[in-house]
Structures are given as C-alpha cells and as structure tokens.
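See structure below.
The values are calculated or read from the model by the stated rules, or taken from the named source; none is laboratory data. This structure is a prediction, so every number in the text was calculated from the model and none was measured. Cβ sites come from the backbone with ideal geometry, for glycine too, and all protein chains shown count toward neighbours. Note: accessible area is taken over every heavy atom of the protein model, side chains too, but ligands, DNA and RNA are not part of it. Shrake-Rupley method; radii C 1.70, N 1.55, O 1.52, S 1.80 Å.
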Amino acid sequence: MKLITAVIKPFKLDDVREALSEVGAQGITVTEVKGFGRQKGHTELYRGAEYVVDFLPKIKIEVGVPDDLVDRIVEALSRAANTGKVGDGKIFIYDLENAVRIRTGESGPEAL
C-alpha cells in the first residue's frame, strides 16, 4: 500500500477529484495549506500599499491506495493538476505500513 500526497493549485481540485474517481480512488482527504516552491511568492498592491505574498494558497490531497493502483493514480493526478505553469505542485509517494477502518476493524488493503 502507498500513501500518495499531492500539493496542487486550488482551482484544479474539482478536475483532480474527478480524475481520481475515474481511476478507482476510493476516498481522498483534502486540506487547505499554504506554501511556496520555486516561484517564491509574489508582490501585490493593496489600497496603495505594496506587500509580499510569501506563502501561496494550495490544496493538499492525500489518498491511500493499493500498490497496483499507484501508477494510474499518479498519472491521473499529474494530468488533471497540470497547467504548464510554475506552481502546479508536487506528488509525493510514501510506503503505507498499515491502515485500519475504524467502523469495521478491517486492516490492510481491505481498509482502503
């Protein structure tokens, strides 16, 4: 099992959710986060004052998947979140040692 974490632009969330559903992701967790990568933020003008926006709003998506779905999930995430511009995000893949469904007590891949 793997835990796939993706950090994407907020307006791409609906596209990503639909793409993940199409390839068989059973459930996802979404968190609103802030951060920056290579784009390092930007300067904005607000009521005549200039200020720096260091941390940009992002969406963090987490999904636990069986090993056989990893490649399809990563491909779907990459395709749906891509705008071709700086700041599209990143995908991280971690080994997932175990998962337990609280309601039934199932563990392992059955819990996903």
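Restricting Ile73, Ile102 to residues that are of a type outside the set (Lys, Arg) and closer than 17 Å to Val7 by Cβ narrows the list to Ile73.
For segment 15-47, a residue qualifies if it is at pLDDT below 90, assigned to a strand (DSSP E or B) and open to solvent by less than 50 Å² (accessible area, probe 1.4 Å), and exactly one does: Gly35. Residue pairs whose Cβ atoms lie under 6 Å apart, sitting 6 or more positions apart in sequence or on different chains, and linking a residue in segment 1-28 that is more than 22 Å from Ala111 (Cα to Cα) to a partner that is open to solvent by 70 Å² or more (accessible area, probe 1.4 Å), are Val7/Lys90; Pro10/Pro57. Once segment 71-103 is narrowed to residues that are among the hydroxyl-bearing types (Ser, Thr, Tyr) and within 23 Å of Pro57 (Cα to Cα), the residue that is surrounded by the most Cβ atoms within 10 Å (Cβ to Cβ) is Ser78.
The condition of being open to solvent by 50 Å² or more (accessible area, probe 1.4 Å), among the small types (Gly, Ala, Ser) and without any contact (Cβ under 8 Å) to a residue 12 or more places away in the chain holds for Ser107.
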